[in-house]
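Just below is one structure, and these are the notes that go with it.
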Amino acid sequence: MENLKEKTRDLADHVEDLAGTLYKLTTVHVTQKATNIMSGVIVGVLALSVGFIVLLFASLALGWWLGDVVDSRAGGFLIAAGFFLLVLLGIIFTSKKTILPLLRDIIVRKLYD
């Protein structure tokens, strides 16, 4: 009878150790996923910031150059703005079929990576 109590106590200790290890492992996995997601967000924000600055200077240069071509600074900037408006409309009209599924896939891959 004493042997059965000891085995039961050992089994309870092993189950407790297993539960503690599972908790620690789960915590490590959640922390790893959170750091992967946050690092992706930080890199994305930095890339968008630098991309915005590059696009800003490129659009200013395009407007200036087109202004010299058409001999009207305002006309050059209006032509550049019209071009970017067309690009924006293209993005808006194709976003549901192409851009949103692509972004969704990237986010899901990041979550399960």
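Just so you know, all these numbers are worked out from the coordinates, no wet-lab data involved. Quick caveat, the model's predicted, so the values are computed rather than measured. Using ideal geometry, Cβ is built from the backbone for each residue, glycine included, and neighbour counts are taken over all protein chains shown.
If the chain linking LEU48 and LEU18 were pulled fully straight, counting 0.36 nm for each residue of separation and taking away their Cα-Cα distance, it would gain 6.3 nm.
Full extension of the segment from ARG9 to ALA61, taken as 0.36 nm per residue of separation minus the current Cα-Cα distance, would add 10.9 nm. 3J(HN,Hα) along the stretch 52-58, derived from phi through the Karplus expression 6.51 cos²θ - 1.76 cosθ + 1.60 where θ = phi - 60°, amounts to 5, 5, 4, 5, 4, 5, 5 Hz, with x in place of Gly and Pro. Using θ = phi - 60° in the Karplus curve 6.51 cos²θ - 1.76 cosθ + 1.60, the 3J(HN,Hα) couplings for the stretch 4-9 round to 5, 5, 5, 5, 5, 5 Hz; x is entered for Gly and Pro.
Given the alternatives (1) 66; (2) 60; (3) 78, percent of Cα pairs over 16 Å apart as computed for this entry is given by (3). Net charge dipole, the stretch 2-112: roughly 360 debye, given to the nearest 20, about the Cα centre with Cβ charges of +1 for Lys and Arg and -1 for Asp and Glu. Distance from the C-alpha centroid of the stretch 1-18 to that of the stretch 89-107: 57 Å, rounded to the whole angstrom.
Angle of helix 100-112 to the longest C-alpha principal axis of the chain, folded into 0 to 90 degrees and rounded to 10: 30°. What is the angle, in °, between the Cα long axis of helix 73-94 and the longest principal axis of the Cα atoms in the chain? Nearest 10 is fine, range 0 to 90. Rounded to the nearest ten degrees, it is 40.
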